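The structure appears below as structure tokens.
The values are calculated or read from the model by the stated rules, or taken from the named source; none is laboratory data. Just so it is clear, the structure is predicted and the values come from calculations on it, not from any experiment. Cβ placement follows ideal geometry from the backbone for every residue including glycine, while neighbour counts extend to all protein chains displayed. Only protein heavy atoms, including side chains, enter the accessible area calculation; ligands, DNA and RNA are left aside. Shrake-Rupley method; radii C 1.70, N 1.55, O 1.52, S 1.80 Å.
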Amino acid sequence: MATMPFIDGHNDFLLRLLRQPERRQAMWLQEGLEGHLDLPRMKQAGFAGGFFAIYIPSPHEENAPDYQAMMDTPPYDLPLPDLMTADETQATALQMAGHLMWMERASKGALRICRTAADLNACMADGTIAAIMHMEGAEAIDPDLDALYAFHAMGLRSLGPVWSRSTVFGHGVPFRFPGDPDTGPGLTDAGKALVRACNELKVMIDLSHLNEKGFNDVASLSDAPLVATHSNAHAVTASTRNLTDRQLAMIRESGGMVGLNYATVFLRADGRKATDCGWDPVMRHLDYLVEKLGEDHVGFGSDFDGADLPDVIGDVTGVQALIEQMRERQYGEELIEKIARKNWVALLERTWGH
């Protein structure tokens with residue numbers, strides 16, 4: 001059967017380039033050196049587009065706990081790093097935006113940064129990979145929001161106010177299992193101003209790492225669909241990072257969307273990181289999201305290059321195997337196309353405007 005083109009809600013490929021900029025040519029243009037993504041594998045896999053995250057890593061801490069080991073032996077409750085300021089992070093965020101712009105140039109027309117729904121639809125029509133500049137955690141945005149307008153001019157079209165670690169705008173959920181997302185206060189006054197400015201600029205707001213009170217604040221303030229680009233169902237896996245039934249209902253009512261996260265710690269019922277879990281946890285979450293959200297509000301949100309994935313997926317080339325699983329479970333071709341690609345296109349049209 002022909003490869004099904006898909007759009008993906010979240011990846012951390014830019015973080016790999018940030019950490020090894022001297023190798024970016026090989027990491028982007030050569031196939032399968034490491035990680036989950038590169039241009040040849042994306043073409044082979046049917047990767048039609050995706051959200052490329054600008055994410056600021058926390059400074060290295062001496063004697064820090066082994067977080068990865070803790071997440072493989074639930075229960076766990078990982079302490080979050082300290083808040084970082086715009087002065088500390090803007091240069092890094094600018095580097096990452098620069099890497100995405102370089103990827104566009106180096107691809108020689110194979111990838112294009114999309115700033116409008118028309119750009120996105122043109123990419124879908126001509127087979128160009130559509131790149132959406134996303135900011136995962138708004139550390140690089142100053143409280144006066146000047147940097148938001150600067151990054152928007154560069155192409156920023158999607159933003160999460162937090163990556164779990166608190167920002168001047170709000171508070172994220174800690175990595176805790178078992179746990180629920182009601183973990184602290186809501187948006188700050190600066191966070192509420194950020195939401196209004198994102199609405200004004202038609203920048204999509206991502207709720208994936210935001211705690212429950214912050215989620216509620218965005219829902220009450222925003223005039224845009226509610227979106228969680230890479231989150232799963234709390235009823236299936238009781239992680240703080242997953243969405244409760246009430247949150248899913250609010251997303252559905254807003255005309256929003258959830259991207260299925262492939263991270264094993266958010267898929268497995270036991271919360272473990274182990275990757276030998278087969279298809280069952282993946283499909284239980286996907287089935288549940290479709291049941292609660294409806295066919296028009298679910299997509300893919302892999303967390304490529306930012307998480308441990310089930311062995312059955314492995315990297316970007318495993319997405320077609322996931323699509324085949326959907327066929328085997330009697331997802332019709334129309335629904336598969338919606339989840340793979342069309343729901344993301346429609347959601348961005350609703351958010352950005354035609």
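Here are the numbers for this structure:
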| read-out | value |
| --- | --- |
| Beta bridge orientation in the chain: antiparallel %, DSSP, nearest 5 | 10 percent |
| The chain - convex hull of alpha carbons, volume per residue in Å³ | 123 Å³ |
| Taking only Cα atoms of the range 131-227, radius of gyration then Dmax in Å | 12.5, 41 |
| P(r), alpha carbons of the range 178-274 - 10 Å bins starting at zero, rounded % | 17, 48, 28, 7, 0 |
| GNM top mover of ALA263, ALA153, ALA117 - the chain, alpha-carbon springs below 10 Å | ALA153 |
| Protein-only accessible surface order, largest first, of ASP296, ASP87, ASP189 at 1.4 Å | ASP87, ASP189, ASP296 |
| Sites ALA122 and LEU29, calculated FRET efficiency, Cβ-Cβ separation with R0 30 Å, nearest 0.05 | 0.80 |
| In order through the range 140-157: 3J(HN,Hα) via Karplus (6.51 cos²θ - 1.76 cosθ + 1.60), integer Hz, x for Gly, Pro | 7, 9, 6, x, 7, 6, 4, 5, 4, 5, 5, 5, 4, 5, 6, x, 5, 10 |
| Carbon + sulfur, % of accessible area of the range 216-280 - ligands and nucleic acids excluded, 1.4 Å | 46 percent |
| Cα-projected label distance for ASP223 with SER58, points at 7 Å along beta-carbon direction, nm | 3.8 nm |
| DSSP-defined antiparallel bridges as percent of all bridges, the range 122-212, nearest 5 | 25 percent |
| FRET efficiency estimate (nearest 0.05) - Cβ-Cβ, ASN199 to ALA235, R0 30 angstrom | 0.50 |
| Tail weight of P(r) past 19 Å, computed on alpha-carbon pairs of the range 94-170, percent | 42 percent |
| Hits among aspartates and glutamates - C-alpha to C-alpha of LYS292 under 14 Å, sequence gap 8 or more where chains match | ASP245, GLU253 |
| Rounded FRET efficiency, nearest 0.05, which uses the C-beta distance separating MET101 from ASP189 and R0 of 35 Å | 0.60 |
| Spatially proximal lysines relative to LYS108 (Cα-Cα < 17 Å; intrachain offsets below 8 disregarded) | LYS43 |
